[in-house]
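Novice: Quick one: the structure is below, questions incoming.
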């Protein structure tokens, strides 16, 4: 008979830290069905789940108190706006779209897992980023006033409820992306934006974003390494290729600002981490003040950890090494 | 008989070819490719990858290359699960899927035949009503719901059976998946058997046998079973191919190491080679089983052979 459904790891006798290891054997089960995985956890077959269905968070809190871990994670969920075409090349239209998104309801109410609202571009907790987190002034303005301002910005740009801005919002097919898209298109409706929702599977979605074939699209970025440049680099101007075309990389919205690029270049050459952080902060503020993207929320890590396990510590990279864990029977 | 079988085998060849061609071109016409993901690749890397995987040539030429490869038994590499060839991935998952499918087939068919025959025998009495009702349940409740309910009841609440996962030799882990998979199949077999058995029991020759004074058991065994089986047998082929190709939901829910998950993820990832490989395998299974059924059918009913 063929292979099993998991990877098995056993303590190596030649590992230098083997005496300190508390766990002799680990099984990593690959379960794609999250509901089924939760069932297996509840039956005691699995001790740790590295994800769980968002709609089960309340159930877990009520019935398995303290076992569902939700913690900030280095990543940003955002909407890109295609700035190579009108009307999103207009900074005021981008501003209207961004300030009319009520981020506080996305995490707790739309998703139900308490993701934190994002107003900047570098996730909290990122390394080498001393200094105050970017927070725009409008974030503290009451939502009603923000909507009024957005309406005014839209009508200045020529869009009124009578002649609304008609726009397509693309996202890759996923229940959570859809919920957010529906909520946000409703928020935009009140400032005179008519949104057509368009979903496609992941490969098709990113193909369209890469090709610049969209107006507003959903995207997300999980940091490869804990450094502010990892998200900020996404907003650099594309690189001209030998055949004359532009390679925009992951800068799907084609945001381009020479000053921003200069700051990023300067930061890359700066050896003093404190000064470098200053340059990066400046770059972040510049891009965010120009509404280069619409950050929506900071990702969270979702784990379910059995009370038998000790040594599982929530952290921004969501890395938990089994070598630091113990399990009681 | 042999000529009949040979004709059927030969007629399957164009079907396989047409399926490959349709699948190949539809897959390429769909937007998105195997290298589109959340992160854009640099153009040079993309160009090299396309060259490496033979995706830079004109489409008809790629098709010819692919067909020539298949004729040599080479299904190419997986474009997303690097380091694996399509044939290797299939050979890892297929034995498990076959085992799951055949087990469900054997159990479902046996249970369906017995239940159907009993219902026909007790037609319009309480065992019949009970059975007709019970048989409806797996037909109206979808697999994944049934599987999740079974996990909750037998795994989480009662703790009789493991909820999911599998390791070689863990028979208990197979009980729920096999039963869940076999239920809709068993239900269809039971309905077919009941229907055709009732028809056969009402025929003149059964009445004649009864008037001769033959006992019920003898009538069932000698006269009623074989003709009553014909519609059932014609369903068994598609039924088995459905079990072998349709086990992906069950494999997914119970976290089992079959080929079902490759098929789903390959289609979503645009893993051209893997989609084609699994499709060809499925087509092959369906054709082979239909062929087998036709031959059994010809054996059961001589009229078929000369048509």
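Novice: With the requirement that a residue be buried (at least 18 other Cβ atoms within 10 Å of the Cβ) and touching a residue at least 40 places away in the same chain (Cβ under 8 Å), what does region A:184-205 give you?
Specialist: A:184, A:187, A:188, A:191, A:192, A:193
Novice: Can you name the residue in region B:152-169 that is more than 7 Å from chain A (Cβ to nearest Cβ) and in a loop (DSSP other than H, G, I, E, B) and is also nearest to residue B:183 (Cα to Cα) among such residues?
Specialist: Among residues in region B:152-169 that are more than 7 Å from chain A (Cβ to nearest Cβ) and in a loop (DSSP other than H, G, I, E, B), the one nearest to residue B:183 (Cα to Cα) is B:161.
Novice: Pairs please, first residue from region B:270-296 and farther than 18 Å from residue B:80 by Cβ and within 14 Å of another protein chain (Cβ to nearest Cβ), second anywhere and surrounded by fewer than 20 Cβ atoms within 10 Å (Cβ to Cβ) and modelled with pLDDT under 85, Cβ atoms under 8 Å, 6+ apart in sequence or on different chains.
Specialist: Qualifying pairs under 8 Å: none.
Novice: So, one more: Failed condition for residue B:149, given (1) more than 7 Å from every other protein chain (Cβ to nearest Cβ); (2) over 16 Å from residue B:106 (Cα atoms); (3) in contact (Cβ under 8 Å) with a residue 60 or more places away in the chain, with all others met?
Specialist: (3)
Novice: Tell me the helices (runs of 4 or more DSSP H) entirely within region A:1-113 that contain at least 1 residues that are more than 14 Å from every other protein chain (Cβ to nearest Cβ).
Specialist: Result: A:57-63, A:91-99.
Novice: Being closer than 30 Å to residue A:156 by Cβ and buried (at least 21 other Cβ atoms within 10 Å of the Cβ) is true for just one of A:80, A:91, A:105. Which residue is that?
Specialist: From the options A:80, A:91, A:105, the qualifying one is A:80.
Novice: Kindly indicate whether residue B:43 is in contact with a strand residue (DSSP E or B) (Cβ under 7 Å, 6 or more places away or on another chain) and either at positive phi or within 14 Å of another protein chain (Cβ to nearest Cβ) (or both).
Specialist: In short, yes.
Novice: Answer yes or no: is there a residue in region A:119-142 that is crowded, with 19+ Cβ neighbours inside 10 Å, touching a strand residue (DSSP E or B) at 6+ places or on another chain (Cβ under 7 Å) and assigned to a helix (DSSP H, G or I).
Specialist: No, region A:119-142 contains no residue that is crowded, with 19+ Cβ neighbours inside 10 Å, touching a strand residue (DSSP E or B) at 6+ places or on another chain (Cβ under 7 Å) and assigned to a helix (DSSP H, G or I).
Novice: Return the residue satisfying two criteria in turn: it lies in region B:47-81 and is within 14 Å of chain A (Cβ to nearest Cβ) and modelled with pLDDT under 85, and of such residues it is surrounded by the most Cβ atoms within 10 Å (Cβ to Cβ).
Specialist: Result: B:79.
Novice: Does region A:212-226 contain any residue that is within 24 Å of residue A:316 (Cα to Cα), more than 13 Å from chain B (Cβ to nearest Cβ) and at pLDDT 90 or above?
Specialist: Yes: region A:212-226 contains one or more residues that are within 24 Å of residue A:316 (Cα to Cα), more than 13 Å from chain B (Cβ to nearest Cβ) and at pLDDT 90 or above.
Novice: Mind checking which residues of region A:10-29 are surrounded by 11 or more Cβ atoms within 10 Å (Cβ to Cβ) and without any contact (Cβ under 8 Å) to a residue 40 or more places away in the chain?
Specialist: Result: A:11, A:15, A:18, A:27, A:28, A:29.
Novice: With B:182, B:196, B:211 as the choices, which residue is closer than 14 Å to residue B:254 by Cβ and away from chain A (no Cβ under 14 Å)?
Specialist: Of B:182, B:196, B:211, the one residue that is closer than 14 Å to residue B:254 by Cβ and away from chain A (no Cβ under 14 Å) is B:182.
Novice: Restricting to region B:245-259, and then to whatever is part of a helix (DSSP H, G or I) and crowded, with 23+ Cβ neighbours inside 10 Å, can you tell me which residue is nearest to the other protein chains (Cβ to nearest Cβ)?
Specialist: Applying the filter and picking the extreme gives B:253.
Novice: Could you name every one of the helices (runs of 4 or more DSSP H) located completely within region B:42-141 that has at least 3 residues being under 17 Å from residue B:259 (Cβ atoms)?
Specialist: Filter on region B:42-141 gives B:86-121.
Novice: Further, regarding this structure: Mind checking which residues of region A:242-268 are part of a loop (DSSP other than H, G, I, E, B), at the interface with chain B (Cβ under 10 Å from one of its Cβ atoms) and closer than 14 Å to residue A:210 by Cβ?
Specialist: A:245, A:248, A:249, A:250, A:251, A:252, listed by residue number.
The values are calculated or read from the model by the stated rules, or taken from the named source; none is laboratory data. Values in this document were obtained by computation on a predicted structure and should not be read as measured data. Positions of Cβ are generated from backbone atoms using ideal geometry, with glycine treated the same way; all protein chains shown enter the neighbour counts.
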